[in-house]
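Below: the structure, in structure tokens.
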Amino acid sequence: MAVSAVLGPKLPDLQYLKRLARDQLVHLLESLPGRKDLVIDPDLMTPLDRIAGASLLKQHGVDKIFKLERTKIHGGCDQLVYLVRSKLTTTKLIADQITADIRDARKRKYKIIMTPRRLQVCDMVLEHEGVFGLVSIEELHLDLIPLDRDLLSMELPQFFRDYFLHGDQTWLASIAKSLVNIQSLFGPIPNVYGQGRCAKMVADMVEMMMSEQGERQSSVGCEIGHLFLIDRDVDYVTPLCTQVTYEGLLDDIFGIKSGSVEFGPDVTGTDKSIKIMLSGEDEVFRAIRDRHFSNVFGFLSAKAKELQTSYDKRHNLKSVQDMKQFVSEELSNLKKQHKALTLHIGACETITKNKSRGDFEEQMRTEHGLLEGVDVRECINFIEESINRQHSRTEVLRLLCMLSSTQGGLPSKDYKSLKTQFLQSYGTEHLLTLHNLKKLGLFVEQQAPDATTNKLTDKMAAKLTDGMASLQLQLQLPKKSQFRAVSRKLNLIPKSAENFELRNPNDMAYVFSGAYAPLSCKLIEQVLQREGWTGVEDIAKLLPGDNFVHLKAKSARGKSAGSNPDSDKIVLVYFLGGCSYTEVSALRFLGKQKGYRFLVATTALINGGKLIESVSGWK
Amino acid sequence: MAGSKKDQARMAAAAFTADDEDYWEESAVTASKKNMFDDEEEGFTVLGVSEGKAARLSSALRSTVGADALFADEDNDDITWETSSNISNSSSHGSITSSEYRSARYTPPANRSGSLSTTSSRSTAPTVTLGGSQDNSLSVQFNKPKITRSEPMSLEDAIVDVPAKQVTATEVSKLETEIQFLRRQVQLGERARWTSLPVKETVKRIILGQPYSLEAYKSLQDKLALMDAAIKMHDGDAITITVLFLKRTVKKSIFHQELIKRPVAVNHLIHFLWCHYDLDELEELYKMLRRMEDVFVLKYKQSLAPSQAAGRAQSIAAVVRSFQHDSSLAPDSTLLLEQCTLLQRQLQIQEEDKKIAAGGKHPVFRDHPPKAQLPLTPLTTTLYYCSFYHYNESDSSLSSPLSIKRDFQVSDKQYTWSALNALAKLHRWKEIEALLTSKNWFGGTKMKACIGFEKVVEILSKQKAPIDILSKYLAYIEDPNERLALAAKHKCHRIVVDTLIQLKDRAALEDYRLKTPDYSLERQYLITALNNSQVKWKN
């Protein structure tokens, strides 16, 4: 297609993943002949929408669709299919419903389809509840869902909480499996880089699974040259920042769900809400999604003028032939663009209204101050004032976490005072939330008054590597990202902040108004450039978790038949624990700058609000 | 703060050339150090877009074709899972009938092009479609992923669906994998069920979802080796299964002794117990691990279960009592104790207030009857409530805001915010003045606002305070540029004039003349100032 030619190396077609999942779902439905009702896990509703619509389900014998809830399922036919995430709580809920049916002397056939994988603990729960013999259990390998031509997501936001907060590794196998699938479709990925504990474990599991499949003839050419696995705790700061790219703002303000967004009446200008898919297929959206917001409106208004001119052509149509051509070819395209344009301009309007309200400027100044490490006292005052005024709790927590993460924890006095005031303003119940944030190392008290003790505790941790002591330490010590030092070494803060070019950016920091370049993306840039960690060891040392690299020898690379010659320029970046739309934009920018094409995979798309909400201890 | 004095002076001067709205947006941007959202074409405006402009453009666009007509074709294809009306609630008996289904058909946007273009493109290039399917024939035998589509295929789709060469290769390798898998299956099946597999093999089987059995692992060494293999291979499911297996098959003391050495196993057991609601067992485990903070958090979480304030106060008090001897948890215990005290106090206040409100004599209760329950609200909300309804009570009363400030050690700033907001809402300007007046050592008085007078003005202006009240507090803003900007925004002309005199900016004062109403006292005041020969104007 013309577009990919312009953009450089061609990306592998991710739609295959979607088709495979859809075919498997159809197969699972057909394996239970006749009419059946379907009960869907609420968590799966939106993601499933990307794979199969209601009509597809209907074609394959689904009669009614229910949402899995804590209530009994009445009516319906005598076959029931549950389509759920494999979780203990969900399994227990299903067992309860089946038990209730038995009590009511209702006879049904049950099938549970677990996704992304059937878990043995879930089997155990069904056995424990005495319903194991009554159900057939299947699995649907719905792991990475293509949300766009270069974006894949597991749509598994709870992974962040389960792994980073509770240390539960259940989803790791599914992440590894998704990488195995990718490699069986697009060929083995020769070069693998990773940063973080989880990244290392996933890489190990991928290796195990691949060797279990057996060494294969290289019949599949290699289409992806590099894989970068990165844990979210390597960089908490980036997703905590307020987003200012267009797509990031859409997510912050309207909330993007599985790649689609719902615009309310204030955007559509009618009394209806409209839900649209956000994708690179939409020409208007493709042009603006990665731009800094200040650079969006000018484009849209120029586009509107252009559109008007095209519409006006209809007055100059000379012949019936011309007319026919105009109607058949141009008109529908114009209408499509017109619609997209109207919605995006409406969205801009709402965003502008939203951000001109209140103290947005002061908030941005605070965030930039924290990133740069200047005027920290004023930043704390602003946060305190927000607490006193009971501004949005999530927003306040986001700023508190940003403060703590950029400063390497808070001095005891500030920590206690902010904590007390926070609980006074939002309720003592949120002690539970603060407890979680402390466990994650997102909002912590500095362990000692001076910085030298950091090294000391490192040594202590190294000595007490096993047994209970390390467990205790692990829980008490913040995972120090040493943000300031890393920021200096990676040049995350541009020097010339004053006249930063936002329109034709030449620095990745444009995604945050020229104040900061995402740590995660800069790290990826450095490692890719060096083809490994040599030369960046001093930075890696400051990041949590270990790093690793597996490179296939250059000579061996590209030998395999059918390899895409561009594959060396195709990089798959897998964020473990979520990534933000701003990071996706930053990687697209990096790709354009250095001639790469990035594919971004993630366990979920997140922003500061979603990150905080997902670890809230009290709703 | 960002923005030098010079900048501020510049922006203050600019204030008089633009109208108020634009001025605000511009000043905000100029003051921002990072040239936040500047828009070079239009200059200024927040986020680079002026609201007015956006609104004009969008309404223009909508009117070209009626907005409704523009989105009309959306009716059929926008219903998704999320639309709750389409998914029957199991409790409501309702369900989707087949006709509803049809309308719920979901079409990806790529297929939205009008039917006209679809047919025309088909008729012009039928060979492409045909050729595509011929190429397919080989791979079809190889179990090519079926593309199930309910929508009519457009030409573009048909082309996309033609598998490239690699795909055929993918399928081949997939089949090969399948053969290998089947071979392995057969091999595995041949092995006797009762001999124990190496632990690593069993763990692999758990991970890969193959049948497995743990019962052959009878010796403690085997059980531990199994658990360690699971930990080494990182799979959470396998770890949980093997940990639970150990727990089930050895006595507690051995289990704990071995568990404690393996933090990863501990994490998985804890998470399992959480999800399985085995909270008593979880508590026991935490205690065994001496993780008292976790016990504390667990007990606190449980104590929040009662939805009524009185019940909750009791259960929280019980938690506080059971941890009173643990000095490491003292700070958090204190917070809980305060929460209890607050809950009890809220109940008492509410009890009294019901009587007052029923009496119908209290002006505030009469004009603004409370909309929500007081109990279970945070302290800050309670403070606002008491400032609103009970401001002037003596500080011996339970509901007096001052007594709350004292008893809960509320900061001065917090108190000022809450009280000021409540009083401003009630338009009690005199009490606000008293709130912001502080006595000095010699009996004199001085205006003081710990939150800053610019914030005072902000709150008052939101509650539509009269100009003279606003002017009074504007005058106390120390920074003349900030004062000037705010005064201009709120049209407090006298303050503007005074500040410009202070800044000796005759030119700006000259410009400001037109902003004052004709024949007004303010105009007069301004002209007098301009004629004042004693001021040493800088321009």
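The values are calculated or read from the model by the stated rules, or taken from the named source; none is laboratory data. These numbers were taken from a predicted model, which means no experiment stands behind them. Here the Cβ is made from the backbone with ideal geometry for all residues, glycine too, and neighbour counts use every protein chain on show. Calculation scope for accessible area: heavy atoms of the full protein, side chains included, ligands and nucleic acids excluded. Shrake-Rupley method; radii C 1.70, N 1.55, O 1.52, S 1.80 Å.
For region A:92-191, GluC sites (Glu not before Pro) meeting the loop criterion (DSSP other than H, G, I, E, B) and having at most 11 other Cβ atoms within 10 Å: none.
For region A:72-120, trypsin sites (Lys or Arg not before Pro) are listed when DSSP marks them as loop and at most 10 other Cβ atoms sit within 10 Å of their Cβ; the list is A:Lys107. Protection proxy ranking for A:430-436, B:474-480, using the average of other Cβ atoms within 10 Å per residue and placing the highest first: A:430-436, B:474-480. About its Cα centre, chain A has a charge dipole of approximately 560 debye under the convention of +1 per Lys or Arg Cβ and -1 per Asp or Glu Cβ, with nothing else charged. Using R0 = 35 Å, the C-beta based FRET efficiency linking B:His256 and A:His74 works out to 0.15. Extension gain, A:Thr270 to A:Arg377, is 33.9 nm, computed as 0.36 nm per intervening residue step minus the present C-alpha separation. Note on region A:27-69: with neighbouring protein chains present and a 1.4 Å probe, carbon and sulfur make up 51 percent of its accessible heavy-atom surface. Averaged over peptide A:166-178, the number of partner chain Cβ atoms lying within 10 Å of each residue's Cβ comes to 6.
Rounded to the nearest 0.05, what FRET efficiency do A:Gln15 and A:Asp538 give with R0 = 35 Å and r taken as the Cβ-Cβ distance? Could you check? Rounded to the nearest 0.05, the efficiency is 0.25.
Computed from protein heavy atoms with a 1.4 Å probe, the total accessible area buried between A and B is close to 12700 Å². Here region B:292-333 has 55 percent of its accessible surface on carbon and sulfur atoms, given a 1.4 Å probe and all protein chains in place. Shielding by partners for peptide A:237-248, expressed as the average number of C-beta atoms from other protein chains within 10 Å of each residue's C-beta, is 0. Placing +1 on the Cβ of every Lys and Arg and -1 on the Cβ of every Asp and Glu, with no other charges, gives region B:297-353 a dipole of roughly 280 debye about its Cα centre. On a per residue basis, region A:364-437 carries 28 Å² of accessible surface, using protein heavy atoms and a 1.4 Å probe. Structure note, pairs B:Lys261/B:Lys287; B:Lys299/B:Lys405; A:Lys72/A:Lys109: Cα-Cα distances above 21 angstrom occur for B:Lys299/B:Lys405.
If only the Cβ of Lys and Arg carry +1 and only the Cβ of Asp and Glu carry -1, the dipole of region B:219-367 around its Cα centre is close to 220 debye. Taking amide hydrogens as placed 1.01 Å from N in the peptide plane, the amide H of A:Arg597 sits under 5 Å from those of A:Ile570, A:Val571, each at least 5 positions away in sequence or on another chain. Compared with the direct C-alpha span, the chain from B:Ala330 to B:Asp278 gains 16.0 nm at full extension, assuming 0.36 nm per residue.
Computed from the C-beta positions of B:Gln187 and A:Lys109, the FRET efficiency with R₀ = 45 Å rounds to 0.85. Length gained on full extension, A:Ser616 to A:Gln321, computed as 0.36 nm times the residue gap minus the Cα-Cα distance: 99.8 nm. Estimated purely from DSSP H runs of n ≥ 4, each contributing -39500 (n - 2.57), the mean residue ellipticity at 222 nm for chain A is -14000 deg cm²/dmol once divided by its residues. Counting Cβ atoms of other protein chains within 10 Å of each residue's Cβ and taking the mean over peptide B:384-396 gives 0. Under 5 Å between amide hydrogens, built in the peptide plane, is the criterion, and for A:Lys109 it picks out A:Gln79, A:Leu80 among residues at least 5 positions away or on other chains.
Each Cα pair under 8 Å and six or more residues apart adds its sequence gap; the mean of these over the residue count of chain A is a relative contact order of 20 percent.
Annotation: the antiparallel percentage among DSSP beta bridges lying fully within chain A is about 25. Close amide H partners of A:Phe228, meaning residues 5 or more places away or on another chain with modelled amide H under 5 Å apart, are A:Tyr193, A:Leu572, A:Val573, A:Tyr574. For region B:442-447, backbone phi angles converted through the Karplus equation (6.51, -1.76, 1.60; θ = phi - 60°) give residue-by-residue couplings of 9, x, x, 10, 8, 7 Hz, Gly and Pro being listed as x.
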